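Asker: Below you'll find the structure I mean.
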């Protein structure tokens, strides 16, 4: 019997994903991870190893469980069955430690609309145990310094994405869990996001990126994987920094998923 009293039989949908598993320095170590909402299994027996220094792109149709997987790994949801750890910290028994290690970038910005941009990032810095002074440099780098003292209620969707990115800059997590991060970003914003991913990988961090705009992620992603009906499988390997869109069909999709 699995935790929570749920009996889980993975059946034919059990799948293990191993990414560069030659080392024990794992950013993600998930075993038979499953999640059910009511009677519906969204994830079925997903196992995943992601080594430090690796960025993995995750693709799949809407409703395939991509966002659910990220929310499990960052402790926003609890698994119905299975286990997972982030750099050795268990998502069920050590959630506070996991939250220190993980930066979650969601399509829904977690901001306080009646606070200014500066107040939002300073508050995030305080909650994360980071210097309050880091907020100014984060807003400067994301192009929000000129609106630092404006309430975010009037921000455009692109500005809110940059504000979320500023929070990541303050946090400096070891693992980036990015849910469709390129949405509502212009070309400079996309380039900045990819720079942040590269910097995270350079100091031994990792990234798992749910990708809608495949072409934007190509410069930074090492491995590609797909999730369908709760089942994980590898897609064609694509070299980091591949400049040619002709390689996109190898993934079985267009440059932008529809």
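Asker: Sort through 215, 236 and tell me the only one that's at pLDDT below 95, surrounded by fewer than 18 Cβ atoms within 10 Å (Cβ to Cβ) and in a helix (DSSP H, G or I).
Answerer: Numbers: 236 fails: in a helix (DSSP H, G or I).
Exactly one of 215, 236 is at pLDDT below 95, surrounded by fewer than 18 Cβ atoms within 10 Å (Cβ to Cβ) and in a helix (DSSP H, G or I), namely 215.
Asker: For the range 171-184, which positions are free of Cβ contacts under 8 Å to residues at least 40 places away in the same chain and crowded, with 20+ Cβ neighbours inside 10 Å?
Answerer: Within the range 171-184, the subset free of Cβ contacts under 8 Å to residues at least 40 places away in the same chain is 182, 184.
The one that is free of Cβ contacts under 8 Å to residues at least 40 places away in the same chain and crowded, with 20+ Cβ neighbours inside 10 Å: 182.
Asker: Kindly list, by first and then second residue, each pair from a residue in the range 103-120 that is within 25 Å of residue 175 (Cβ to Cβ) to a residue that is modelled with pLDDT under 95 and surrounded by fewer than 17 Cβ atoms within 10 Å (Cβ to Cβ), limited to pairs with Cβ atoms under 7 Å and residues at least 6 apart or on different chains.
Answerer: Taking only residues 6 or more apart or on different chains, the pairs are 107/183; 120/112.
Asker: Now for a separate question. Would you pick out the residues in the range 58-76 that are at pLDDT below 95 and either over 19 Å from residue 105 (Cβ atoms) or not in a helix (DSSP H, G or I) (or both)?
Answerer: 58, 59, 60, 61, 62, 63, 64, 65
Asker: Could you look through the range 114-131, keep only residues that are surrounded by 14 or more Cβ atoms within 10 Å (Cβ to Cβ) and in a loop (DSSP other than H, G, I, E, B), and pick out the one that is modelled with the lowest pLDDT?
Answerer: Ranking the qualifying residues of the range 114-131, first place goes to 130.
Asker: Write out, first by first residue and then by second, each pair whose Cβ atoms fall under 6 Å of each other, whose residues are 6+ apart or on separate chains, and whose first residue, in the range 201-214, is closer than 16 Å to residue 69 by Cα while the second is part of a helix (DSSP H, G or I) and at pLDDT 95 or above.
Answerer: 207/197
Asker: Okay, moving on. Say whether the condition of being crowded, with 16+ Cβ neighbours inside 10 Å, in contact with a helix residue (DSSP H, G or I) (Cβ under 9 Å, 6 or more places away or on another chain), part of a helix (DSSP H, G or I) and touching a residue at least 40 places away in the same chain (Cβ under 8 Å) is met by at least one residue in the range 85-98.
Answerer: no
Asker: Out of (1) modelled with pLDDT under 95; (2) in a helix (DSSP H, G or I); (3) over 15 Å from the mean Cα position of the chain (by Cα); (4) farther than 19 Å from residue 57 by Cα, what's the single condition that is false for residue 136?
Answerer: For residue 136, the failing item is (1).
The values are calculated or read from the model by the stated rules, or taken from the named source; none is laboratory data. These numbers come from a predicted model, not from an experiment. Heads up, the Cβs are rebuilt from the backbone with ideal geometry, glycines too, and the neighbour counts pull from every protein chain shown.
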